[in-house]
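All remarks here apply to the structure that follows.
The values are calculated or read from the model by the stated rules, or taken from the named source; none is laboratory data. Quantities reported herein were computed from a predicted structural model and do not represent experimental measurements. With ideal geometry, Cβ positions are generated from the backbone for all residues, glycine too; neighbour counts draw on all protein chains shown. Please note that ligands, DNA and RNA were not included when accessible areas were found on the heavy atoms of the full protein model with its side chains. Shrake-Rupley method; radii C 1.70, N 1.55, O 1.52, S 1.80 Å.
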Amino acid sequence: MEEPSDEMLILDFDGRVPYDRYVAAASLHGLQRPRGDDPGEMSFLMISQIMELYFQLIDFELGQAQRRLRTDDVLGSLAPLRRAALELDGLIASWQGLRWMTPADFNRFRDLLGEASGLQSAMYRRLEFRLGLRNATLIRPFKRDPRAHRELVCALEEPSIWDDVIAVVARHGHDLPAEVSRRDFSVEHEPHPAIEAAWVAIYRDDRPDNTLRMLGEALTEVAERFGDWRYHHLNAVRRAMGAKPGTGGSSGIGWLERSLARVVFPELWSARTHM
Ligand code: HEM
């Protein structure tokens with residue numbers, strides 16, 4: 001059998017290795033700075049960083065979908081929504097890497113976190129705002145970080161993807177009152193019976209080229225998986241610290257359960273009762 005040959009490989013470069021120039025791998029691998037010497041802390045820190053990257057990527061995809069929706073390109077919005085759903089699967093799978101952690105394991109480095117908590121994740125908050133979960137109070141941690149603060153205020157004041165979807169539904173001839181589109185975007189969307197009725201009508205139309213129903217299903221995939229991430233987080237918290245208060249100052253599980261009760265794309269779920 002012929003030996004694999006290395007002769008065609010490109011191995012000499014004048015400057016920085018092109019892979020690193022593109023991926024910035026060396027910079028990424030230089031960002032892990034555990035505060036102590038417990039080996040478990042590295043797993044907690046890096047999985048948090050991996051999840052942060054996923055938050056950013058999913059937020060990007062949803063932004064791409066919004067751009068398409070704003071020009072009524074409903075079919076064009078399906079590809080980024082599909083990518084977002086698959087990337088959410090990757091995000092959820094990242095929890096596997098923390099399943100080893102018992103309360104004793106977590107206690108070995110928990111104090112080193114100080115008041116640091118995922119509650120203060122600007123990217124997660126942006127993603128929630130994008131999905132329509134809006135709570136202006138949760139911007140407060142960033143008031144001394146003008147850039148992060150400005151970005152979050154902009155994200156809060158912009159229409160969420162759900163607002164853009166509702167606008168598309170209205171432009172497709174569904175009868176929605178003006179108050180649902182001319183609203184203050186910085187407050188959380190209130191579920192409206194007319195939007196629910198529009199989704200019932202959209203799903204009733206079973207023609208294969210019903211693009212709004214395709215959109216509804218693509219959004220359902222995103223909402224369900226986002227809920228799965230939040231549920232896995234709650235279980236990870238239960239496993240690693242029981243009902244102790246959080247490092248971010250919340251009651252812990254009770255606060256997270258209330259947070260989890262907020263529904264992404266609410267009428268897309270409630271409409272199913274009437275189908
Ligand atoms: C098993 C390890 C973990 C524990 C024990 C834990 C604990 C908690 C607790 C108690 C809270 C409530 C706020 C507070 O701190 O008082 C919280 C919020 C949060 N955590 Fe974690 N967490 C863990 C892992 C992670 C990881 C890996 C991430 C990924 C970045 C993350 C992201 C978040 C986010 C985004 C919130 C805010 C949730 C919301 O607003 O509904 N957590 N966490």
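Values as computed for the structure displayed
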item	result
Cut-off under 5 Å, modelled amide H: who pairs with residue 132 long-range	161
Which of 237, 220, 247, positive extreme of dipole for segment 211-271 (C-beta unit charges)	247
Test item: Cα-centred dipole of segment 51-185, Lys/Arg +1 and Asp/Glu -1 on Cβ, debye	260
Accessible carbon and sulfur surface of the chain relative to its total accessible area, %, 1.4 Å	55
Exposure rank, largest accessible area first [259, 5; 1.4 Å]	5, 259
Ordering of 224-234, 17-27, 179-189 by packing [mean C-beta count within 10 Å, highest first]	224-234, 179-189, 17-27
Helix-only [θ]222 nm of the chain, DSSP H runs n ≥ 4, -39500 (n - 2.57) each, per residue, nearest 500	-19000 deg cm²/dmol
Whole-number Å³ per residue for the convex hull built on Cα positions in segment 124-262	127
Probe 1.4 Å, protein heavy atoms only - accessible area per residue of the chain in square angstrom	58
Residue 252 long-range amide H proximity, modeled H, under 5 Å	246
Estimated dipole of segment 31-78 in Debye, rounded to 20 [Cβ of Lys and Arg +1, of Asp and Glu -1, Cα centre]	200
Rounded to the nearest 10 Å², the accessible area of residue 253 at probe 1.4 Å	30
Two-decimal log10 I(q)/I(0) for the chain, as the Debye equation yields it once each C-alpha is a single scatterer, q = 0.14, 0.17 Å⁻¹	-1.07, -1.39
Residue-by-residue Karplus 3J(HN,Hα) for segment 176-190, coefficients 6.51, -1.76, 1.60, Hz, glycine and proline x	10, x, 4, 4, 7, 9, 9, 10, 7, 5, 6, 9, 5, 4, 8
Charge dipole (debye, nearest 20) of the chain; +1 at Cβ of Lys and Arg, -1 at Cβ of Asp and Glu	1200
Mean Kyte hydropathy of 0.0 or more with a Cα span along the axis of at least 20 Å, helices from DSSP in the chain	39-70, 74-93
